[in-house]
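Working notes, beginning with the structure itself.
The values are calculated or read from the model by the stated rules, or taken from the named source; none is laboratory data. Since we're looking at a predicted model, the values are computed, not measured. Every residue, glycine among them, receives a Cβ derived from its backbone with ideal geometry; neighbour counts consider all protein chains shown. Ligands, DNA and RNA are excluded from the accessible area calculation, which covers all protein heavy atoms including side chains. Shrake-Rupley method; radii C 1.70, N 1.55, O 1.52, S 1.80 Å.
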Amino acid sequence: MRQTVDVLISGGGVAGLAAAAAFGTAGYSVICVDPAPPVTTGDAPGADLRTTAFLQPSIPVLTQAGLWQRLEPHAMPLQVMRIVDAGGAEPEARITHDFNAADVSDQPFGWNLPNWLLRREFVARLGDLPNVDFRPGTATARVFTREREALVTLSDGTKVSARLVVAADGRHSPVRRALGIPVHTRRYGQKALAFAVTHPEPHRNVSTEIHRSGGPFTLVPLPDHEGKPCSAVVWMETGPEIERLRALDRAEFGAAMNARSCGLFGWLEQATPLTIWPIITQHAERMAGQRVALMAEAAHVVPPIGAQGLNMSLGDLTALMDLCTPATLGEAAPLDAYHRRRWPEIQLRLAGVDALNRASMMENRALRDARGAALHALYSLAPVWRGLMQLGIGMR
Ligand SMILES: Cc1cc2nc3c(=O)[nH]c(=O)nc-3n(C[C@H](O)[C@H](O)[C@H](O)COP(=O)(O)OP(=O)(O)OC[C@H]3O[C@@H](n4cnc5c(N)ncnc54)[C@H](O)[C@@H]3O)c2cc1C
């Protein structure tokens, strides 16, 4: 038996679930499949302990999809972005620049939320939409496209005819591979530890990036945990150094983390287990193929610097929702327009994040000094930093 649907979404990660809610809210019939059932509590095995800082331009599409209304009560506003250079002989802050969202906007930079909570709220939203059929535990097995439809075989043998397939099935996207769209991948030999900490000093809605070597150490504000100020940490380092850190006992790890954080919020206490993420930059050669749109990590992967990853994915979704109409859904013209609209912006952001990551990784002291001086000079020029802030928060 063949089922017919407007949109088949391959992948129910954060991006795929957001796409299912957006297309469903717009009135399209949707099937969303993912072999891995979503983990929707923070203490369950396999919980995604990363957080996402949603930047201003991501909010309208989340609101249209009926998602922001659910997220806002749990979100921690980010008002100031602090860049700290700690590249000197000792791990201590030597240059600090604050970028206050108030200088470019009457809104905060963004709003931070745990990824497991996003999954809980997104799945709950899909439950309100009778035209969305979310099938956790089912994978996309085969994809065949022709001019008028995409034919998708699911892992349970079901055959689906869709007018549009949205590939939100991650960096190894099986849909992208079925279409033969090549990717370009850059490896840094780097990994990230993601976890949460509590600290005695309040974060005052300041997101802090500390640069020394190996990659940034970033603290992003979260709501209080057990009555104490709390932040999400992303600590990027070389792969072997991350493995060494992971093998430390709790006390040794605490000492290493506190040295690296330069004591900016007082003594940090680890509040969740550590999770490890490989760091790459990757982009697909095209954002679309016949009857298929690629989005999120299926199309582009960036290191977690400046909260670009999922925000770029919501940029993809915004463009798709603008360009898709019931009359032309999945046709070549809107899919070509989607590629043309997203491609330049994605290339720009990939190049920017790649450059920042390379600068942050520097081991050599002389290069680190040069980096500190260059950033200081750059950030001291008001028009430059105002422009960077607007670009960073996606206002242009
Ligand atoms: C440490 C870290 C911190 C980050 N912080 C931020 C941040 O602050 N802000 C930000 O914007 N971004 C951030 N990002 C990036 C962001 O987390 C990712 O962009 C996002 O989680 C990726 O979402 P995704 O849905 O594309 O991919 P995934 O989460 O990988 O989802 C892909 C899904 O596809 C499914 N799948 C696989 N095979 C199949 C198949 N055959 N059929 C169907 N489904 C399939 C998988 O099971 C998976 O659920 C961060 C990333 C990292 C590593």
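Within segment 344-363, is even one residue modelled with pLDDT of 95 or more and among the polar types (S, T, N, Q)?
The answer is no, given that none of the residues of segment 344-363 is modelled with pLDDT of 95 or more and among the polar types (S, T, N, Q).
Could you tell me how many of the residues in segment 209-227 are open to solvent by 30 Å² or more (accessible area, probe 1.4 Å), touching a residue at least 40 places away in the same chain (Cβ under 8 Å) and assigned to a strand (DSSP E or B)?
Number satisfying all stated conditions: 2.
Looking at (1) buried (at least 22 other Cβ atoms within 10 Å of the Cβ); (2) assigned to a helix (DSSP H, G or I), can you tell me which one Leu348 breaks?
(1)
Could you list, in sequence order, the residues of segment 16-63 that are in a loop (DSSP other than H, G, I, E, B), more than 8 Å from the ligand (Cβ to nearest atom) and either farther than 23 Å from Cys324 by Cβ or under 18 Å from the mean Cα position of the chain (by Cα) (or both)?
Pro37, Val39, Thr40, Thr41, Gly42, Asp43, Ala44, Pro45, Gly46, Ala47, Leu49
Among the residues of segment 172-196, which ones are open to solvent by 20 Å² or more (accessible area, probe 1.4 Å) and over 30 Å from Cys230 (Cα atoms)?
His172, Pro174, Arg177, Ala178, Leu179, Gly180, Pro182, Val183, His184, Thr185, Arg186, Arg187, listed by residue number.
Looking at this structure, is Gly330 within 20 Å of the chain's Cα centre (by Cα) and buried (at least 18 other Cβ atoms within 10 Å of the Cβ)?
Considered against the rule, which asks whether it is within 20 Å of the chain's Cα centre (by Cα) and buried (at least 18 other Cβ atoms within 10 Å of the Cβ), Gly330 comes out as no.
So, Gly88, is that one away from the ligand (no atom under 16 Å from the Cβ), at negative phi, touching a strand residue (DSSP E or B) at 6+ places or on another chain (Cβ under 8 Å) and not in a strand (DSSP E or B) or not?
No; evaluated as a whole, the condition is false for this residue.
Considering segment 1-14 alone, what residues qualify as being open to solvent by less than 10 Å² (accessible area, probe 1.4 Å) and within 9 Å of the ligand (Cβ to nearest atom)?
Scanning segment 1-14 gives Ile9, Ser10, Gly11, Gly12.
May I ask you to say which residue of Arg70, Arg50 is surrounded by 15 or more Cβ atoms within 10 Å (Cβ to Cβ) and under 27 Å from Pro303 (Cβ atoms)?
Checking each option against the conditions leaves just Arg50.
Please specify each residue of segment 271-285 satisfying the condition of being surrounded by fewer than 18 Cβ atoms within 10 Å (Cβ to Cβ) and either among the charged types (D, E, K, R) or within 10 Å of the ligand (Cβ to nearest atom) (or both).
Correct list: Thr275, Ile276, Trp277, Pro278, Ile280, Glu285.
Any idea how many residues of segment 91-105 are open to solvent by 80 Å² or more (accessible area, probe 1.4 Å) and either at pLDDT below 75 or among the polar types (S, T, N, Q) (or both)?
The total comes to 1.
Please specify each residue of segment 136-164 satisfying the condition of being over 14 Å from Ala293 (Cα atoms), within 15 Å of the ligand (Cβ to nearest atom), among the small types (Gly, Ala, Ser) and surrounded by 14 or more Cβ atoms within 10 Å (Cβ to Cβ).
Ala139, Ala141, Ser155
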